Amino acid sequence: MIIEKTGIEGLLLLKPKVFKDARGYFFESFNKDFFSDSGIKEEFVQDNQSLSNKNILRGLHFQKPPHAQGKLVRVIKGAVLDVAVDIRKNSSTYGKHYAVELSESNFNMLWIPAGFAHGFLTLEDETIFSYKCTDVYHPESEGGLMWNDKDININWPVTDPELSGKDQQNETLANFNSPF
């Protein structure tokens, strides 16, 4: 597996080695020893999976301490534009984001440590997205930033994605008091 730094401290793009032949493919999506040796020492305690059609935007979500989550995310089927926003107050990249396409064909994964807001836009129908999390879901700890916040300035490839009611009420970065 190749690990690439993203320009935002702690946020890593992972590119697994994929073995393909006439039967299909095989790759290792998680290896505790490899991750630990690479600096990702967190314990994963919950796996989540979502199914979404094209132009569904989920995010930008996070959980506040003490239930903050790190996430290892990847696409099983389809494709997404995946985005992580640094919300660590003392970070030199506070408010900056990183965006990358994750898809069933590129097999890439993104490690998003605690202290980031995360979201994605589905680029294909029937996209299956997988999250490996370092803490369990805790509804009282959830928070979110607006997907189209001008201060974050994410270049989403759509102007009118389908959002949940909750995601339509997320905060702007200017009004946000980060708990990280």
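The values are calculated or read from the model by the stated rules, or taken from the named source; none is laboratory data. Note that the structure is a prediction, hence the values are computed from the model and not measured. So basically every Cβ, Gly included, is an ideal-geometry build from the backbone, and we count neighbours across all protein chains shown.
Miscellaneous remarks
- Residue in the range 76-87 that is touching a Leu at 6+ places or on another chain (Cβ under 6 Å), touching a residue at least 24 places away in the same chain (Cβ under 8 Å) and of a type in the set (Gly, Ala, Ser) present: yes
- Failed criterion for Leu81 (all others in (1) closer than 22 Å to Lys150 by Cβ; (2) among the aliphatic types (A, V, I, L, M); (3) over 11 Å from the mean Cα position of the chain (by Cα) hold): (3)
- Count of the range 88-101 residues which are in contact with a Leu (Cβ under 7 Å, 6 or more places away or on another chain) and either assigned to a loop (DSSP other than H, G, I, E, B) or aromatic (Phe, Trp, Tyr) (or both): 2
- Filtering Asp82, Asp149 for residues that are over 22 Å from Lys41 (Cβ atoms), modelled with pLDDT of 95 or more, in contact with a helix residue (DSSP H, G or I) (Cβ under 9 Å, 6 or more places away or on another chain) and of a type outside the set (A, V, I, L, M, F, W, C) leaves a single hit, Asp149.
- Of all residues in the range 151-180, those being touching a strand residue (DSSP E or B) at 6+ places or on another chain (Cβ under 8 Å) and hydroxyl-bearing (Ser, Thr, Tyr) number 2.
- Flag if Gly59 is in contact (Cβ under 8 Å) with a residue 24 or more places away in the chain, part of a loop (DSSP other than H, G, I, E, B), buried (at least 20 other Cβ atoms within 10 Å of the Cβ) and of a type in the set (Gly, Ala, Ser): no
- Hey, Ile40 surrounded by 15 or more Cβ atoms within 10 Å (Cβ to Cβ) and either of a type outside the set (S, T, N, Q) or touching a Gly at 6+ places or on another chain (Cβ under 7 Å) (or both) or not: yes
- Scanning the range 169-180 for residues that are surrounded by fewer than 18 Cβ atoms within 10 Å (Cβ to Cβ) and assigned to a helix (DSSP H, G or I), we see that the one that is nearest to the chain's Cα centre (by Cα) is Gln169.
- Selection within the range 115-168 - assigned to a strand (DSSP E or B) and farther than 27 Å from Phe30 by Cα: Gly143, Gly144, Leu145, Glu162
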